[in-house]
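Please treat every number below as a calculation from the coordinates, not as lab data. Values in this document were obtained by computation on a predicted structure and should not be read as measured data. FYI the Cβ positions are ideal-geometry reconstructions off the backbone, even for glycines, and counts take in every protein chain you see.
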Amino acid sequence: MRRLRRYRPLVVLALIGPGIITSAADNDAGGIVTYIQAGAKYRYDLLWVLVLITFALAMIQEMSARMGTVTQKGLGELIRENFGVKWTMFALGTLLVANLATTVAEFAGLAASLEIFGVSRSITIPVAAIGIWLLVVKGSFKVVERVFLVIAMSYATYVVSGLLSNPNWGAVLHDTYAPKFHADPRFMFLAIAVIGTTITPWMQFFLQATVVDKGVRVENYVYQKWDVYIGSVLTDVVSFFIIVAAGVVIWKAPDGVLISNPAQAAAALQPVAHGYARALFSIGLFSASLLAAAVLPLSTAYTYSEAFGWEIGISRKFREAPIFYSIYTFCIVFGAATVLFTGRHLVALMIRAQAVNGVLLPVILIFMLKLINRKDVMGKYTNSRVYNVVVWAMAVVLIAMTVGWLVGLALGMA
């Protein structure tokens, strides 16, 4: 016991990573654009949605980490073992569509970040794709994780910008804790978009798989849980300040501003960067897109490999896990090629990907809730009754939001 206490700080440091990386990658290109649009159009009126969804994000991510720790199996494998091949193919097929769409959005973000300065996507996309591929295929788990954490730190620029924009903090706090609605259909659409981009299906598969790959055990789970909680809070703190900065700098009375391109969105960093706002925004968007463009293909590779029993993990070499790395390579090539040859309207491309995630998320949540409440799967680590009530309520709300999102898309409100 003394030895465990003596080395407890080392245990904590060893376990930190999966939750923070997964949550940080959630602030991807589509997310940043969505948050800036929320602030630019409705100022602080959507902050209350973000606060509520932060609790949902933390709880859902904790469920993923707990299932991975207790079962030492990924979500895809658990779905196959408990629901059969047909349901597994349904879940994995829809996840593949969502992940490919979002991977395209990340490469669109990469292209947009440098096109602000006239750099052609024909240069940006191939270089980024090759760099991402080499990082994961040739690097060890520790190297990849450290690089991802460094990239995640770049999001601090949005927090600084929000603070230096000198917002009316009284108004910010009021709108954060006093929900405000608009009759404008676009308000509902953006509220759904904020939720859809904050909690995504791939996050659950990726987090659970990385917890398993890292070898987290039940006796150390308390530290992993805090990794998840910290990651969830940090990612939404960044999102909060993105909305605040856009609400101060870009929003204009009475009807707000609609963002049409990344260069226009760069004004959100004006308070911290002044004449260098475009450069700082470009760096932030590039970093966010780069991180997610690496994580999303990894999520797909992990999910398919674990579900069908193939060798898994970036801790293995290509020859040791050829199918895993082939899936990873396919996703990168697909995303890069789509943007390189067909992606004209980059902002629209990024936002549409969030709709695909919104459609799939409730399905994955129901699978998770069913699995985590089975004692033959989780033993004594099932959800409590209160926890189930809260998370099922979240699932129902998200289903309603998804239906609303689809209606919005059908009516051309995107």
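In nm, to one decimal, how far is the modelled label at residue 389 from the one at residue 279, with both set 7 Å along Cα→Cβ?
In this crude label model, residue 389 to residue 279 measures out at 5.5 nm.
Taking a ≥ b ≥ c as the square roots of the Cα gyration tensor eigenvalues, with a/c under 1.5 meaning rounded and otherwise prolate when a/b beats b/c, else oblate, which class fits the stretch 160-203?
Working: a/c = 2.44, a/b = 1.33, b/c = 1.83.
Here the stretch 160-203 falls in the oblate category.
Could you give the length gained on full extension between residue 173 and residue 255, defined as 0.36 nm per residue of separation minus the Cα-Cα distance, in nm?
Working: separation 82, 0.36 × 82 = 29.52 nm, distance 2.11 nm.
Working it through step by step, the gained length comes to 27.4 nm.
List the chymotrypsin sites (Phe, Trp or Tyr not before Pro) in the stretch 156-248 that DSSP assigns to loop (not H, G, I, E or B) and whose Cβ has at most 11 other Cβ atoms within 10 Å. Which are they? The partial results should precede the final answer.
Working: sites: 158, 169, 177, 181, 187, 189, 202, 205, 206, 221, 223, 226, 229, 240, 241; in loops: 181.
For chymotrypsin sites (Phe, Trp or Tyr not before Pro) across the stretch 156-248 that sit outside H, G, I, E and B with at most 11 neighbouring Cβ atoms in 10 Å, the list reads 181.
Using a ≥ b ≥ c from the Cα gyration tensor of the stretch 55-104 (square roots of the eigenvalues), is it rounded, prolate or oblate, where a/c under 1.5 gives rounded and otherwise the larger of a/b and b/c decides, a/b for prolate? Can you show the working numbers first?
Details: a/c = 2.38, a/b = 1.13, b/c = 2.10.
Oblate, since a/c reaches 1.5 and b/c is not below a/b.
Hand me the chymotrypsin sites (Phe, Trp or Tyr not before Pro) from the stretch 69-129 located in a DSSP loop with no more than 12 other Cβ atoms within 10 Å, in residue order please.
Passing both the DSSP loop test and the Cβ count: 117.
Contour minus end-to-end for residue 89 and residue 218, with contour as 0.36 nm per residue of separation and end-to-end as the Cα-Cα distance? Present the calculation step by step, with values, prior to reporting the outcome.
Working: separation 129, 0.36 × 129 = 46.44 nm, distance 2.97 nm.
Full-extension gain reported as 43.5 nm.
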